[in-house]
Structures are given as structure tokens and as C-alpha cells.
């Protein structure tokens, strides 16, 4: 009998799981558009060992695929051939360090993108910055490079040339390089200059704030998504609002076995792969009342019809039946975000709303409901309260509630009733006399 249960462990791009009589097997699957464009790689079975499958995909197959797709622009020099004492060598040394290899796969990809951007930058003499020796990579060089990379010129759909700022991307790039410099400097003292040119750059966060959806906008979005035949996006939006989960985790890791399993029938397992955290969320209160009745009704109905595998179908993409779906990749999520935009426009909602707006809306509702920082960090699995202002936006309700609490504190102390009330009466008498 084919085993239907499927692991929730994250997979690299284009790697999928399939059940077999012997258990779960892993496969590297080239997307159809790449095969149509002549990609020289082929589909490849990766066996039953998860770690071995991920290692081969991350270290061999995906670098080869990215090299073909970019025409060699993403090729990272191997550690053995990188010239010692250069920026390429420093990045290669960091890749070999346990402080890099132990990072989550998505974090490693972000670091790699930053290394490729900085190392691949072509100088005026035609040489790559990655080939430069470390003493020549000074703070002045990096500061000038930061200003050049901060904006990018591109052509929009109408054919107009526009300049776009990419501050968040470049800030992340500089932080990745700063970390690599610090790690290798500690690992190989004497081979790396003591002054880190990527440190103390005074990086300023992007002024762009993620728009926050209201509960009414969430309801309108869900109703329109169902009407357009996209119920998975309606359910996912509610999960993001209630459980503060990202769409990638909802579609790629939320397994049927996570929801009300036999050993925990009154809870759901919520995974946050970005932070490497997970938690069990209770579904019922102390008196047995459902805490998320609308969401639970939808998930209960889905689970009744599902043997195993991922909880939500991707009805915004291919309609191939489980288990032939691969784990969603970046192209899938790009397509999903287009569908979200179609729904928001069809529902007459603000055009700036995105899927992340519902998660931010859930955080803001939590702040409006007077949840403490500790309670919000527990729900979102954040390790520090410093990041909460990004998600829980300030609202007039919070300001008004703060004023109400201050007034209540004065009243409780006897100050308001004993001193303020006579003053109010006196001012009222003056008004009457003047009249």
C-alpha cells in the first residue's frame, strides 16, 4: 500500500516528494518552460534520503540550473580556485564555515544573492570586484558602491524609463557581506584586514511600509476569491490573519497531519520556516468554544476529503491532482501574487494591498486588542520585540485606548473625581453667567 503521509520538511526549488510502496522518494524536476528553452539539465531521481537529496540539489543541480539561466552570471568561484586574499576567497571561506552551512536554506540563498551582486560588480578597469584583494576593498569603495547599487533603471510596461530604489535588497546585501567578513576574520586572523568596510554604514530602512488590510477588506477579499473559484486563497488569507503565518509556509509546509492530529485533536501545528520556529496553536478555549470557528469549519471540511499531503491545493496554479504537485517555487508564488492582485481589484479594494497585508492586518488587530509584546511574539514566533512595529502598525484605536487607560488610572486614584469635577462645574457656571 502506498504511504500517503508526507514530511513537512522544506525542499529546494524544483525538488518534489512522491510516495512509493517503499516510502517517500525525492526528485529533481526541471520546469516545463526551462525544457522548452533548451535547458541541458534533465529530471533526476534523488533517492529516499532527505539530507542527501537536498545536498545534491543545493550544491550541484541548482547552481548548474542558475548558471544556465543567467548565462554564467551567478557562477560562484569554487573555494579551491578562488585566489587567496580576495573578496571571492572571503565569500568562499564563509560558505565553508559551519556558521553558514547551519543557516536555513532561504537565508543561505539570500546571502548568496548578495555575494553574487557584490563580487560580480564590474569595475571601471573591467575587473570584477570579487577578484580585488581585501586591502583594496575599503570603506570608501563600499560606500560609493552602495550609492551606485541603491537605484536601478528599468523600462516599465508602457516603455517608459523609470528609476526604482531597492534599498531593502541592497541593505540585506551589505549585511550579508558584513557577516562574511566578520566570520572569516575570526576564523583566519591575520588574513583579513581588521577594519570591516561593510560595518557601521548607517543603513537606513526603506521608507516603504507594507499596507495593512482591515478585517472588512479581508472579508471582501475572501468573498470575491470564492466567487472567482479560488477558495484556497480565501482560506490562506484567513490563516495569515489568524495564525500570522506567511503564504510560503501555508502552501509549502502546512500538512494535513498538522491540523488536529490524533495525538493533539484540539490544536494545530504552525510552522515559520523563516525563523526556524514552530508552535502548537490551541483551537478551543477553556470552556470548549472554538477560537477560530470560520477557519476551523473550512479546514475540517478539507481534511475530511484529504488522505494526506499538503492541506491546501494550489487552485491558483496547475490543477494536477495530489501527489504530483511539486512544492511551490518562486515562479508559482509570482503567479499567486498576480491572482491576489486580480482578486483585490475585482473586489474594489485598495490597489496597494498585497497578500502580506492580511498578515500585517492580523498583527495590527492583535495590537488593537491590547495583546502584550510577549503574546504577539509567541503568536508570530518572533525572537525579538524590535521587529513588531513592522507588523503591528500604530492606529487611532491604540492611542484612544491609551488615553482611556490613563484617565481610568486617575479616576482610580481619586484625582479626577475630586479635582477635575469641581473645575468643570466652575467653568459651566461661568458660561451660564456670561450668557
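The values are calculated or read from the model by the stated rules, or taken from the named source; none is laboratory data. Bear in mind the structure is a predicted one, so any value in this text is a computation, not a measurement. Every residue, glycine as well, gets a Cβ built from its backbone with ideal geometry; the counts of neighbours run over all protein chains shown.
Side notes on the structure shown:
- Taking the listed residues 205, 273, 232, the one that is buried (at least 18 other Cβ atoms within 10 Å of the Cβ) and under 30 Å from residue 150 (Cβ atoms) is 273, with no other qualifying.
- Being closer than 20 Å to residue 62 by Cβ, not in a helix (DSSP H, G or I) and not assigned by TED's automatic domain parsing to the domain that holds residue 249 is not true of residue 194.
- Restricting attention to the stretch 73-88, the residues being out of contact with any strand residue (DSSP E or B) (no Cβ under 9 Å at 6 or more places or on another chain) and either modelled with pLDDT of 85 or more or farther than 17 Å from residue 58 by Cα (or both) number 5.
- Condition check for residue 295: under 25 Å from residue 340 (Cα atoms), modelled with pLDDT of 90 or more, assigned to a helix (DSSP H, G or I) and out of contact with any strand residue (DSSP E or B) (no Cβ under 8 Å at 6 or more places or on another chain): yes
- Flag for residue 260 being out of contact with any helix residue (DSSP H, G or I) (no Cβ under 6 Å at 6 or more places or on another chain), in the same structural domain as residue 314 (by TED's automatic domain parsing), under 30 Å from residue 151 (Cα atoms) and surrounded by 13 or more Cβ atoms within 10 Å (Cβ to Cβ): no
- Residue check for residue 323: surrounded by 13 or more Cβ atoms within 10 Å (Cβ to Cβ), over 18 Å from the mean Cα position of the chain (by Cα), modelled with pLDDT under 60 and assigned by TED's automatic domain parsing to the domain that holds residue 282: yes
- In the stretch 220-244, residue modelled with the lowest pLDDT [restricted to those that are within 18 Å of residue 353 (Cβ to Cβ) and part of a loop (DSSP other than H, G, I, E, B)]: 244
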